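Participant: Would you mind keeping the following structure in view while I ask a few things?
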């Protein structure tokens, strides 16, 4: 077999890792071993926190809906239950948006839900 010189591949791999560590502090931005370790953690946290972000947004929407519904004399859980009974399929993101930016529309939805 022919001899394989690895210089270009090695440089390319090192360059790829160091490009991704731009902005890191201390040796983690320019020392390969430290940079590789830092990226391992950074990418793990990034993957995890993309899911955490979704969780936190949903909690925020629930809190906003709860506050808006409480002013109208209803609890959050009862409101969501009534929505499901009436087969009104608005997700929490939209309900929270309506509660904050268009309270008159949100009030109409609550009144619609309350009617029996």
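Laboratory data are not the source of any read-out in this text; all were calculated from the coordinates shown. Model, not experiment: these values are computed from the prediction.
Participant: Build a GNM of the chain with springs between Cα atoms under 10 Å: which of 55, 25, 92 gets the top mean-square fluctuation?
Facilitator: Largest GNM mean-square fluctuation: 25.
Participant: To continue, here is another question. So I have (1) 1.93; (2) 1.07; (3) 0.94, and one of them is Cα Rg over 2.2 N^0.38 Å calculated from this model. Which one is it?
Facilitator: The calculated read-out lines up with (1).
Participant: To continue, here is another question. If I fit a long axis through the Cα atoms of helix 7-20 and take the longest principal axis of the Cα atoms of the chain, what angle between them do I get, 0 to 90°, rounded to 10?
Facilitator: 30 degrees
Participant: log₁₀ I(q)/I(0) of region 16-76 at q = 0.24 Å⁻¹, via Debye over equal Cα point scatterers, no solvent, to two decimals?
Facilitator: -0.89
Participant: Percent relative contact order of region 7-114, based on C-alpha pairs within less than 8 angstrom and at least six residues apart?
Facilitator: Working: 61 pairs, mean separation 19.0, N = 108.
RCO, region 7-114: 18 percent.
Participant: Please determine, in degrees from 0 to 90 and to the nearest 10, the orientation of helix 92-101 with respect to the longest principal axis defined by the Cα atoms of the chain, where the helix direction is its Cα long axis.
Facilitator: So the inclination is approximately 70 degrees.
Participant: Okay, next question. Quick one: angle between helix 76-85 and the longest Cα principal axis of the chain, in degrees between 0 and 90, rounded to 10, please.
Facilitator: For 76-85 against the chain, the angle is about 80 degrees.
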